């Protein structure tokens, strides 16, 4: 069965009201990690912060590199590079932490730079092939092609299980 | 004496560049957070849904303008170091143009923000009226 723009949007952003007038539009928070542009559904993002109240931790769960202390609480911060097995980078002037909602909890994601909030037509979305999904540990299932840009769309629900199933302290590889 | 004053001038320019960079970063962070908030709430209200694309586009342009100001100041500084002379009038015009553009964009953001606040205030009033009516 052919995937429609609404189906694609629903796959990326389950909270979308598919019956709304702008159902085929999708708003993405775009960011860079290791020079690659990624996007995540803006409706899932809670806040973007400078890493000023970030406290690094060592030997913690796989992918979690520290915690962020915000106004009322603290949340774990993950580095996608660690999940992908890429060497961790250093924090720069443009480094930001994207705090997003996942199954009722807050998670932070390190981004080298948050570039913009972009409105895209659901028709620009395409499914990534199975082989490519494997190389990305299936963190993204869709990508968006816009002129000379290719944005990988993170499936936020697939990031959290990696955190949940992460080995406990002292059992890291 | 001249070397001393050049050093002071250089330090002042470095400070302006640092502040322009920081301001650009802050405007961008604030603008992106505003756009994210609008993206989250727009499904709850048709008026916000109607205004949101214009507002997000404006935020994008405000980002671009803030970045341009930082770039112009940097370019000016680079040019100044290269020729060690008073900047040509075209550069001054470019800087003034960038600041004028920033001012115009920020004024527009201010007007539109006021409009958004008015709508949100009306919505809050309507909701509290509804809640009061329900409690009676």
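Among the listed residues B:38, B:30, identify the single one that is modelled with pLDDT of 75 or more, more than 16 Å from the chain's Cα centre (by Cα) and assigned to a helix (DSSP H, G or I). Break it down into steps so the answer makes sense when it comes.
Values: B:30 fails: more than 16 Å from the chain's Cα centre (by Cα).
The unique qualifying residue is B:38.
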Since residue A:81 meets every condition but one in (1) within 13 Å of the chain's Cα centre (by Cα); (2) within 20 Å of residue B:34 (Cα to Cα); (3) outside any strand (DSSP E or B), which condition does it not meet? (2)
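Per-residue answers, yes or no, for (1) under 25 Å from residue A:26 (Cβ atoms); (2) modelled with pLDDT of 80 or more; (3) assigned to a strand (DSSP E or B); (4) within 14 Å of another protein chain (Cβ to nearest Cβ):
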| position | (1), (2), (3), (4) |
| --- | --- |
| A:90 | no, yes, no, no |
| A:120 | yes, yes, yes, yes |
| A:132 | yes, no, no, no |
| A:142 | yes, yes, yes, no |
| A:150 | yes, yes, yes, no |
| A:153 | yes, yes, yes, no |
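Residue under question is residue A:34, and the condition is that it be more than 21 Å from residue B:36 (Cα to Cα) and more than 11 Å from chain B (Cβ to nearest Cβ); does it hold? Talk me through it step by step, then tell me what you get.
Working: more than 21 Å from residue B:36 (Cα to Cα): yes; more than 11 Å from chain B (Cβ to nearest Cβ): yes.
It is true that residue A:34 is more than 21 Å from residue B:36 (Cα to Cα) and more than 11 Å from chain B (Cβ to nearest Cβ).
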Pick from A:106, A:46, A:27: which is within 12 Å of chain B (Cβ to nearest Cβ), assigned to a strand (DSSP E or B), modelled with pLDDT of 85 or more and surrounded by fewer than 21 Cβ atoms within 10 Å (Cβ to Cβ)? A:46
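Could you count how many residues in region A:49-78 are in contact (Cβ under 8 Å) with a residue 60 or more places away in the chain, within 17 Å of residue A:114 (Cα to Cα) and assigned to a loop (DSSP other than H, G, I, E, B)?
Start the filter on region A:49-78 by keeping residues that are in contact (Cβ under 8 Å) with a residue 60 or more places away in the chain, which leaves A:59-64, A:76, A:78.
Remaining after also requiring within 17 Å of residue A:114 (Cα to Cα): A:78.
Checking the rest, the ones that are also assigned to a loop (DSSP other than H, G, I, E, B) come to none.
So the count comes out to 0.
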Can you spot a residue in region B:17-26 that is away from every other protein chain (no Cβ under 13 Å), more than 25 Å from the chain's Cα centre (by Cα) and modelled with pLDDT of 70 or more? no
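The values are calculated or read from the model by the stated rules, or taken from the named source; none is laboratory data. Bear in mind that the values here come from a model prediction, so they are computed numbers and not experimental data. We place every Cβ from the backbone using ideal geometry, glycine too, and count neighbours over all the protein chains shown.
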